[in-house]
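First comes the structure, then the notes that go with it.
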Amino acid sequence: TDRKKLHTAPVGQVFRLRPFHVLVATGGGYAGYRKYEDYKLEQLEKRGIEVPVKLASEWEVALYKSVPTRLLSRAWGRLNQVELPTWLRKPVYSLYIWTFGVNMKEAAVEDLHHYRNLSEFFRRKLKPQARPVCCLHSVISPSDGKILNFGQVKNCEVEQVKGVTYSLESFLGPRICTEELHFSQAPPGNSFQQQLVTKEGNELYHCVIYLAPGDYHCFHSPTDWRVSHRRHFPGSLMSVNPGVARWIKELFCHNERVVLTGDWKHGFFSLTAVGATNVGSIRIYFDRDLHTNSPRYSKGSYNDFSFISNNNKEGIPMRKGEHLGEFNLGSTIVLIFEAPKDFKFHLKAGQKIRFGEALGSL
């Protein structure tokens, strides 16, 4: 007589699955499987075994994109802003340092208790002498990272990794007004690539740098140039590690990115910061109007902002090595620029590089 009544929901309601949950579970599981495959590929590469290119099918890309990476990245960003208790900071940051091989001896502040949250730790500054800027070469690395690919742009296609390409026009978007970039008018019949090359005898070059989670997350100006225009592409936030870049064609065109375009002494110059999973936040120091991974922007669109105005005819002048922006966690930098035919890269695919070291010169 003293038994308590137990009220239960109907079995059908308990086990009812919503479409959103199915997508998250399926997409998340598949993303985990891909991570495992990427790990196996990395091990093969370390042993010097050539890995054949195997591109993802349309349904695999669609399944991966069904994972709410934008929402998850925003949640991760809020979590990173949570202030950690002083006693918890050293254990948390030490685990991160051990996992990703962070060199804290280069940090401007080595004391782990100084960083109030994960976001501050990710965006830590370096000691002034830690990254000397090479003055002998015309283009330096804008960040720490790994060289995924470099070379001449051919047939309006750019290689994100060896054997896997993306469209130059899809990546940069429609050509910007020539008056804004101080360029001469190219014949309308020319290809998109030819329209970007402003001087006879020049070629278009590219370089892709992948920033791992343990790398220094700020990026700098790779040369002396003027930034005239910013184009922001809201998009997916899929992983951009080399394994995924080898798997998904036009990965960089799918992902959120910020394209800075302008000119240097040899003509067209651009730097693109590509977002990735948990890297929805891309900050450009001189651009306060930029808001990445924002719900107000829909995928498939883009928004432009010009730094040329009646009061400023020159845009934003940047000096080689000057602070330009930062990521949260890690991502990818893509340089696309024109230069004379005798421009030479001083790189090897797959090599590690640090900010300030030479990329190439004339």
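Taking 0.36 nm per intervening residue step and subtracting the Cα-Cα distance, what contour gain separates residue 125 from residue 100 on full extension?
Working: separation 25, 0.36 × 25 = 9.00 nm, distance 1.71 nm.
Value of the extension gain: 7.3 nm.
How do 134, 218 rank by accessible surface area computed with a 1.4 Å probe, from largest to smallest?
Numbers: 134 30, 218 0 Å².
Listed by decreasing accessible area, they come as 134, 218.
Give me the accessible area per residue for the range 116-248, probe 1.4 Å, as a whole number in Å².
Working: 4700 Å² over 133 residues.
Dividing the accessible area of the range 116-248 by its residue count gives 35 Å².
Determine the share of the range 110-152's accessible area contributed by carbon and sulfur atoms, expressed in whole percent, with a 1.4 angstrom probe.
Working: 1050 of 1900 Å².
Solvent-exposed carbon and sulfur of the range 110-152 make up 55 percent of the total.
Considering only protein heavy atoms and a probe of 1.4 Å, how much of the accessible area of the range 213-275 is carbon and sulfur, as a whole percent? The partial results should precede the final answer.
Details: 420 of 870 Å².
Roughly 48 percent of what the probe reaches on the range 213-275 is carbon or sulfur.
Using amide H atoms built in the peptide plane, which far-off residues or other-chain residues are under 5 Å from residue 227 H to H?
316, 318
Compute the projected area of the convex hull of the Cα atoms of the range 256-355, averaged over all viewing directions, and report it in nm² to one decimal place. Walk me through the numbers on the way to the answer.
On the way: hull surface 34.3 nm².
Directional mean of the projected Cα hull area for the range 256-355 stands at 8.6 nm².
For residue 212, what residues show an amide H to amide H distance below 5 Å, using hydrogens built from the backbone and excluding near sequence neighbours?
146
How much length is gained on full extension from residue 190 to residue 117, taking 0.36 nm per residue of separation minus their Cα-Cα distance? Before the final figure, lay out each step's value.
Working: separation 73, 0.36 × 73 = 26.28 nm, distance 5.08 nm.
Once the chain is fully extended between residue 190 and residue 117, it gains 21.2 nm.
Rounded to the nearest 0.05, what FRET efficiency is calculated for residue 108 and residue 71 with R0 set to 35 Å and r the Cβ-Cβ distance? Don't skip to the end; give the middle numbers.
On the way: r = 33 Å, r/R0 = 0.95.
Computed FRET efficiency for residue 108 and residue 71 comes out at 0.55.
Which length gain, in nm to one decimal place, applies between residue 322 and residue 286 when the Cα-Cα distance is subtracted from 0.36 nm times their residue separation? Mind showing how you got there, number by number?
Values: separation 36, 0.36 × 36 = 12.96 nm, distance 1.16 nm.
Net length gain for the segment: 11.8 nm.
The values are calculated or read from the model by the stated rules, or taken from the named source; none is laboratory data. Model, not experiment: these values are computed from the prediction. Neighbour counts run over all protein chains shown; Cβ positions are idealised from the backbone, glycine included. Only protein heavy atoms, including side chains, enter the accessible area calculation; ligands, DNA and RNA are left aside. Shrake-Rupley method; radii C 1.70, N 1.55, O 1.52, S 1.80 Å.
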